Amino acid sequence: NCIACTAGRYVVASGSDDASDCAACVAGRYSSVSGSSSADDCIACVAGQYVDVTGSDEASDCIDCVAGTYVEGSGSSLESQCTACESGKYSSVLGSASESNCIDCVAGKYVDVAGSDSSTDCIDCVAGTYVEAVGSDSSSDCIGCVAGRYSTVVGSAAGANCIACTAGRYVVASGSDD
């Protein structure tokens, strides 16, 4: 009796006489059926996943890209093919298949590293500063209140939070928090 190649493997030639003739599906692909006769039977891991070994025999062998990363193409064979969300953005989605899952930090906050996986990674602008734009990627994006104004608000998203000093008081420095 002829023996079928195991799942995750295939043999193209007829007349094979050894299990070593069965070739493994390449990394990034798997096959859950035994007795395959073509590399075409090896199915690509879906976008958002990768498998970094050969001979995978089921879809569950495909590994989700970690939160904060994504891969848009199918058949990825390395974790390094999962691309980090850029600075100023984060994604809590496991196995993300799209850059669109990377969400801008809200106004008043920034994140200065790539691959952030939570909105809590977004850092508040310090009191005395604000940023009105979303997706800020540096503390230098936080703008200081002008001289004569101050703000005690942490994470301010509006210059309107900068309050004029009351009569009889002044502040000469920009970015004042009192």
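The values are calculated or read from the model by the stated rules, or taken from the named source; none is laboratory data. Quick caveat: nothing in here was measured; it's all calculated off a predicted structure. Backbone-built Cβ (ideal geometry, glycine too); neighbour counts: all protein chains shown. Calculation scope for accessible area: heavy atoms of the full protein, side chains included, ligands and nucleic acids excluded. Shrake-Rupley method; radii C 1.70, N 1.55, O 1.52, S 1.80 Å.
Of (i) 50, 38, 30; (ii) 101, 17, 16; (iii) 109, 22, 20, which one was derived for Cα extents along the principal axes in Å from the structure shown?
It is the one labelled (ii).
Find the percent of Cα-Cα distances in the stretch 81-178 that exceed 25 Å, and round it to a whole number.
30
Are there cysteines in the chain with no second cysteine's Cβ under 4.7 Å away, and if so, which?
By the Cβ distance rule, which asks for a partner under 4.7 Å, the isolated cysteines are C2, C165.
Describe numerically, in nm with one decimal, the distance between label points set 7 Å from Cα along Cα→Cβ at E99 and at S32.
Placing both labels 7 Å along Cα→Cβ, they lie 3.2 nm apart.
Where does the longest stretch of the chain lie that holds no GluC sites (Glu not before Pro) found in a DSSP loop with 14 or fewer other Cβ atoms within 10 Å?
Answer - 73-131.
How much accessible area per residue does the chain have, counting only protein heavy atoms and a probe of 1.4 Å, in square angstrom?
Each residue of the chain exposes 54 Å² on average to a 1.4 Å probe.
Taking the Cα centre of the chain as the origin and placing charges on Cβ (Lys, Arg +1; Asp, Glu -1), which of G68, V51, S118 is farthest toward the positive end of the dipole?
Farthest along the dipole direction, towards plus: S118.
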